[in-house]
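A short worksheet on the structure shown next.
The values are calculated or read from the model by the stated rules, or taken from the named source; none is laboratory data. As the structure is a prediction and not an experimental result, all values here were calculated from the model. Cβ sites come from the backbone with ideal geometry, for glycine too, and all protein chains shown count toward neighbours. Calculation scope for accessible area: heavy atoms of the full protein, side chains included, ligands and nucleic acids excluded. Shrake-Rupley method; radii C 1.70, N 1.55, O 1.52, S 1.80 Å.
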Amino acid sequence: MVSTDTVDVLIAGAGPVGLTAAVELRRRGIGCRVVDRLPERLPYAKAVGIQPRTLEIWDRMGLVRAALEAAVPMLGQLTYVNGAERPRIELALPPEVPYGFAALPQYETERILDEFLARFGSRIERGTELVGFAQDADGVTSRLVTASGAQEEVRSRYLVGCDGAHSAVRKGLGLGFEGGAFPEEYMLGDVELDWDMPHGYGVRAMHLGADGAVDDVLVCIPLPGHGRYRISSMVPPELRTAARPESGDGVAHGLDGGAGPSLSHLQGVLDRLAPRPATASVLRWSSVFRISHRIVDRYADGRVFVAGDAAHIHPPTGAQGMNTGIQDAYNLAWKLALAIQGGARPELLASYDTERRPVGVEVVGRTVRHAAEGVQADPDDPGTVMLREAQLLIGYRGSPLVGPPEEGGDGDGPRAGDRAPDCGGLTGHIAAHPLRLYDLLRDRGHVLLLYAGGDGEPGGTGADDFPALAATARDVSLGRVATCVVLPDAAPAGAGDTMTLPVYRDHRGEFARQYAARGRTAFLVRPDGYLSARLQPPTAGELASRLALVFQV
């Protein structure tokens, strides 16, 4: 018997990517269903690295505290070649970046997102598989098979495929998925290690043969828990799975279902390569895995979208995969919400592919290079490499949603399309403690930040037209833009007291420095924390034209 249901968005896949999309949609009042063919959450520490940019996104969503309490810090990497220690890599970032690098097993990431999703009355439908779909001008009709074997037909306005490397949604769309595969196989194990290595540091130990090539490798990543690490190495001959057939889509990627390494296999690698004596115990799980590198030819087709591993797969170098997928989902979700609520330009959803596919192409190419040559071979200076690995350099300059690329004042501050940096020292009239800028952005959509520089007016703030600018933003967006005023610390006492807008003083001058704000300036921040516009000085007409790139005027 076939039952039917209707929903705004159907999400296939309940990993970190699908759950991020679901949480963001539900936070914005959009109905969605999340289905996953697995009967329960997998207990594997597959993706473990959490990038600072992901933590910023979780801050915006309101769930970062739970992640910080469950994770452990990643301070750097210790590297050894043929037993000799090489210069350590310190995962250091500029002081204005609010979060550092962290390690968190994927099943914990999924738990946190799942529990947060439950606050909105939504749950994962486990053991439910998407087996087919068809779309038309008004929506998507999907066929599901539940855990009991019952068939269900779901009518949704949009379908989002977050269903992994072997995505049924990607196959159903017939998307190209070009790339290749690495011949090597690796083994993983989640164990407790008894050794005296520094806390919070990953360990990479390699052996080079007579020809200078790496013929043995050990990688240890710290996990939450006493002495817990996820260790990986080349697979021994008896565990190789290359002779086994690949899946029907020709993609060899991820954990293999065959026999995993035993504790003795993992101990053998430690005995050969660990820089200090190490004893492994309490093996929680293990597996053999293979790596492909592929990317789809487009991220969307009509009302159907793909995100995460359904759109791009690549080596785990630098922990880029899951974090990139989470940003895919967040970028798409706020756009879907606006489109469903009404008032969005028809072209808004097309910008998902325009903005995110170039990011996927860059990540796939970079991780393949780093897997072959090492991060140390990157030609950029170490500071730039670190910011890129933290995913803080991702931007959308040239996107149809932002202003022209020449925007940006003197060029030493963020421009339209760049990430909106955080800063501290903002003080209000009531709160006794200073706030960070991200406190003002949290749990909001678009935010218009109006900076009241002196603009050459002795003793003045140059903010007389700010209420009119706020009214323009409110009218064009149908009330979906919040407005805050930031006063320079040098503004006279009482400045802004008569303003009906929220007013904050840049007490330490951090906002002015981070944003290179000189004179009256307007910054329009998107829901995903990127600048839609930088207007200096702002006018109502120019602000309306920038908003019209997103909102239907």
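Computed on the Cα trace of segment 109-249, the radius of gyration divided by the Kirkwood hydrodynamic radius gives Rg/Rh = 1.09.
Ordering 4-17, 500-513 by mean Cβ neighbour count within 10 Å, with the highest value first, yields 4-17, 500-513.
Entry note, the chain: relative contact order of 15 percent, from Cα contacts under 8 Å with a spacing of 6+ residues. Size descriptors for segment 414-553: radius of gyration and Dmax over Cα atoms are 13.8, 40 Å. Rounded to the nearest 500, the helix-only mean residue ellipticity at 222 nm of the chain stands at -7500 deg cm²/dmol, with each DSSP H run of n ≥ 4 adding -39,500 (n - 2.57). Once the Cα atoms are used to define both axes, helix 52-61 deviates from the longest principal axis of the chain by about 60 degrees. Near Ala181, the amide H atoms lying under 5 Å from its own belong to His293; only residues 5 or more places off or on other chains count, and H is placed 1.01 Å from N. How far is helix 263-273 tilted, in degrees, relative to the longest principal axis of the Cα atoms in the chain, given as a value from 0 to 90 rounded to the nearest 10? The answer is roughly 80 degrees. The order of the peptides 265-276, 304-315, 412-423 by mean Cβ neighbours within 10 Å, most packed first, is 304-315, 412-423, 265-276. As a calculated quantity, the FRET efficiency between Leu435 and Ala540 at R0 = 35 Å, using C-beta atoms, amounts to about 0.80. Across all C-alpha atoms in segment 104-188, the radius of gyration and Dmax reach 16.5, 46 Å.
Principal-axis analysis of the Cα atoms of the chain puts helix 16-27 at an angle of about 30° to the longest axis.
Rolling a 1.4 angstrom probe over the protein heavy atoms with all chains in place gives the chain an accessible area of 40 Å² per residue. Comparing Pro16, Gln514, Ala210 along the charge dipole axis of the chain, the residue lying farthest to the positive side is Pro16, per the Cβ-charge model.
A cut-off under 15 angstrom between Cβ atoms defines the neighbours of Thr427, and their net charge, with Lys, Arg +1 and Asp, Glu -1, is -2. The Kirkwood radius of the chain, taken over pairs of alpha-carbon atoms, gives through the Stokes-Einstein law at 20 °C and 1.002 mPa s a diffusion coefficient of 86 µm² s⁻¹. For segment 272-350, the alpha-carbon coordinates run over 63, 24, 21 Å along the three principal axes, in decreasing order.
Among the protein heavy atoms of the chain, carbon and sulfur supply 52% of the accessible surface, probe 1.4 Å, non-protein parts ignored. Tell me, what does the Kirkwood hydrodynamic radius of segment 1-74 come to in angstroms if you use every pair of distinct C-alpha atoms? About 14.4 Å for segment 1-74.
The mean of 1/r over all pairs of different alpha-carbon atoms in segment 26-127, once inverted, gives a Kirkwood hydrodynamic radius of 15.9 Å.
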